[in-house]
Each structure stands twice: as structure tokens, then as C-alpha cells.
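This report refers to the structure that appears directly beneath it.
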Amino acid sequence: MALTNAPLDAGIDGFIELRDAATGEASNSWIAVQSKARTQLEKETEHTFEFTCTPRDLEYWQRGNMSVLLVVSRPDTDEAWWMPVKDYFRDPSRQNARRIVFDKRANSLVEPSRDQLLQVAQVAGAGTYFRPSPKWEYLHSNLLVVKRLPACIYRAHAIQKDPREVMQALRDKVRYAPREWFLHGNGIYTVHDLRDEPWISVCDRGTIETIETEEWSDSDNPETRRHFVWLLNDCLRSFCGRIGMKYDRDANVLYFKRTEDLSPRRKKYRSRKQSASRVVFREYRSKKDPSKVAYYRHVGFEARFRRFDGQWCLEINPTYRFTSDGEQPHPYREEYLSKIKSIEGSGAVGGIVTMFAALLSDREGLFAENYPHLGFGRLLGVDFPVGIDDSMWRKRDVTDRFQDVEGDDDPVGDDDFGPLFRQELES
């Protein structure tokens with residue numbers, strides 16, 4: 001009998017290969033064995049007892065084409081009974097009940113049972129197979145749940161017809177003009193109350209009306225849905241401005257800004273397991289001439305609002321922006337971006353998603369100051385009944401040897417992709 005490394009009380013405990021009693025020749029006929037030891041038997045009588053299977057065990061035993069033997073034992077009395085569960089549960093009524101009735105005499109595991117076991121094994125044929133024991137995993141997605149939407153939407157006739165004129169009129173009134181608005185037709189739409197300053201300078205006050213957020217958020221009309229996403233994106237960009245990010249309209253990317261003195265920018269956040277920090281902006285020097293800066297790298301993400309089963313979510317797709325001086329796009333930015341995305345591992349991507357989720361999610365507490373027009377909860381995830389042993393199949397990440405994300409729980413560093421570009425290393 002070969003034992004397995006399956007978890008205790010789950011999966012298959014071992015495999016029996018039957019041999020010819022006279023010659024000792026191996027038959028290549030196998031039976032998978034699941035052992036269940038009990039001090040007390042369920043509904044025991046003088047001649048019978050019962051055993052109730054869990055749905056998980058029953059589903060697992062019926063996989064593959066190998067015969068499965070359930071052995072229920074009572075170690076205190078040195079007794080054991082066996083049952084070929086696949087054969088037993090061919091009856092649908094038994095399968096629904098998930099209950100096995102053992103006959104203490106007929107199902108006793110004793111020496112004469114060998115011939116019966118051989119017949120059980122040969123039913124499925126020689127060289128049978130059985131799947132590994134089930135592994136459950138919790139899968140994290142890159143979808144961040146939207147938990148707070150704008151309180152309402154305001155609309156009025158716009159005085160100016162050009163967005164640049166609207167922005168200038170707002171700036172004439174306040175130093176930092178709000179950006180959560182858009183023009184459509186002859187109207188201006190915003191999450192701000194148009195009856196207040198500075199909005200009365202850009203709209204006809206007598207035409208102001210309010211729209212319930214649900215009218216747009218729950219609408220199936222493509223144009224209404226598109227307008228709602230415009231506002232959500234405007235809110236998101238304003239929100240991200242509060243945590244030191246800018247919006248690159250050409251690339252449609254939100255990214256962390258440079259620091260005033262071009263020193264590294266590090267963000268602290270709460271990862272899935274512990275407090276962590278990550279460098280989100282820094283310089284990289286030339287390998288040929290270390291006195292010169294080759295490029296600056298900004299961590300960022302592409303944002304897309306999606307609606308699933310009535311729930312709005314923010315899809316976070318990590319990316320990077322490469323600049324020559326912290327502002328101007330680097331001439332080789334596309335090559336650099338393609339290179340880093342081709343070598344970074346899933347740990348790096350997952351770690352960045354976790355960081356943005358932590359930075360954007362609402363803060364708890366009496367004195368928490370959350371962005372008023374948009375709020376986020378947690379990343380969507382799901383318990384999945386099928387898992388994969390990553391170490392058995394994945395190709396070793398090129399970046400696995402780097403670790404500079406302090407306290408982060410992913411194995412890949414962020415700001416020390418070090419030999420990011422092989423050509424640069426070799427030069």
C-alpha cells in the first residue's frame with residue numbers, strides 16, 4: 001500500500017496494488033483507499049451501522065476512473081469494514097442521501113476479502129488513475145467594489161460652450177477649479193451643487209435641476225451609461241490627485257507624480273497581511289554613465305469602471321509611465337513598458353493592485369476624511385474549489401530575486417527590477 005501526502009481526513013489516504021497470491025506478481029490493479037477511524041459508529045445495531053459522507057468527500061471520490069474503497073475502522077476493538085463507494089452510490093437515491101449502510105458481517109475487512117477487492121479493482125481496469133486531493137484557493141481579482149456613488153447629479157444650461165472657457169471661468173473664481181464636470185449639448189453636468197460658487201459663473205441658474213444618481217447608475221441606456229462613466233472617471237481623477245497622482249490623457253493612465261527634488265516617492269499602505277510600503281516614483285541611472293539619469297519610472301494604473309450583476313467596480317490594471325525628467329515622456333517609453341511587462345511576475349502585478357486598492361478604499365473611523373463623491377470597498381474575490389501548486393508549473397520570475405517592497409506580502413519587488421532591461425545591463 002502506498003501512502004499519499006494528502007491533508008488529514010480529506011482526499012485519498014493511500015493506494016493498494018493487488019498481487020497474485022500464488023506468484024506474488026503485481027497485477028497493476030489499484031484501489032484508492034480512504035480511511036475513517038471512529039470510536040463510536042453512527043446508528044449502530046447488532047448487525048449494521050451507518051456512515052454519512054460529506055458532499056466534498058463524495059464529489060471527490062467519484063472523480064477519475066479508479067475504484068475507491070472507504071474503510072471505516074474502530075481501533076479500540078481492532079475491527080474494520082470496507083465499501084466500494086463508487087459502486088454503492090450508483091443508485092441516485094443513495095447519492096442524494098449521502099449515507100452508507102454497512103453490514104458488519106458482509107463488509108468486514110478480513111483475509112477472505114482479497115478476492116472481492118481484486119474484483120472491485122478490475123472493474124475499472126488496470127492502470128487506473130485518480131486526481132490529486134482537492135486544493136481550495138481564494139482568488140483575488142483586480143476589481144475594486146464601488147461602495148459610494150455621487151449623492152446626486154446636477155444639470156443646467158451652460159453659459160460657455162467650450163470646456164477651456166468653462167475651466168478658465170472657474171479658475172477666475174477659485175484657485176483650484178473642480179474637475180468633476182463635463183459639457184454635453186448645451187448643458188453642463190457635475191456632482192457639485194450648481195447653485196453654489198463658483199458654478200453660477202458658468203451656468204444659467206434658472207435652469208438648474210437635479211438627477212437622482214440611480215437614474216444614471218442603473219440605466220440600461222448606452223448613452224446615459226457613458227455619461228455616468230464620464231463623471232465617475234472625473235471623480236476618480238480628482239480623488240487620485242489627493243494621493244499624489246496625475247492623469248496622462250494621451251496614454252489614459254493615472255500615475256504618481258514626481259517629487260519636487262526628484263527624490264524617490266514611497267507610499268505606505270496596508271497589504272493583505274501587514275503594513276507595507278512601496279516606491280512609486282524613482283530615477284534609474286545609466287549603466288554606461290552612472291552620473292546620468294537614464295529615465296524616471298512612475299507607477300500607475302489604467303482605470304475602467306465596469307458593472308457586474310448590478311454592482312459597479314473599478315478595474316485596476318497596473319502599468320508604468322517612463323519620463324526623461326519626471327514630466328516629459330521618455331522617447332523609449334513604449335520599449336521600456338513592453339520590456340517590464342514581459343518579465344514582471346504575477347506577484348508584482350498583484351502587489352500593485354493591492355496597493356492601489358488600499359490607497360483608494362474608504363478609511364474607517366470617526367475622523368476619517370474620505371473623498372465625498374466616490375468611495376471604494378474591497379477587491380472582489382472568490383473561494384475556488386480547484387487550486388494549483390504554483391511551484392510545480394510556473395516559470396521562475398526573472399524578478400523573484402529582488403525584494404525591496406518593505407513589508408509587502410508578494411515575492412516580487414517593485415522599484416528594484418534592477419536589470420529591467422537586459423540590453424542596458426550588458427552595455
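Rule-based calculations on the coordinates, nothing more; no lab input. The structure presented is a predicted model; accordingly, all values stated were derived computationally and were not measured. So basically every Cβ, Gly included, is an ideal-geometry build from the backbone, and we count neighbours across all protein chains shown.
The table that follows gives values for the structure above.
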| item | result |
| --- | --- |
| Net lengthening on full extension, Y88/S342 (0.36 nm per residue, minus Cα-Cα) | 86.3 nm |
| Charge sum, other residues only, whose C-beta stays under 10 Å from L337's C-beta, Lys/Arg counted +1 and Asp/Glu -1 | +3 |
| Residues with amide H under 5 Å from that of V280, placed H, sequence gap 5 or more | R265, R266, K267 |
| Added length on full extension, which subtracts the Cα-Cα distance from 0.36 nm per residue, E223 to E197 | 6.5 nm |
| R99/D383 FRET efficiency (R0 30 Å; Cβ-Cβ; nearest 0.05) | 0.65 |
| Region 198-261 shape via C-alpha gyration tensor axes, a/c threshold 1.5 | oblate |
| Gap separating the Cα centres of region 172-194 and region 298-360, nearest whole Å | 28 |
| Full-extension gain in nm, S324 to T213, via 0.36 nm per residue minus C-alpha separation | 35.7 nm |
| Calculated FRET efficiency for the pair D248/R164, C-beta based, R₀ 25 Å, to 0.05 | 0.85 |
| Environment charge at S361 (Cβ cut-off 12 Å; Lys +1, Arg +1, Asp -1, Glu -1) | +3 |
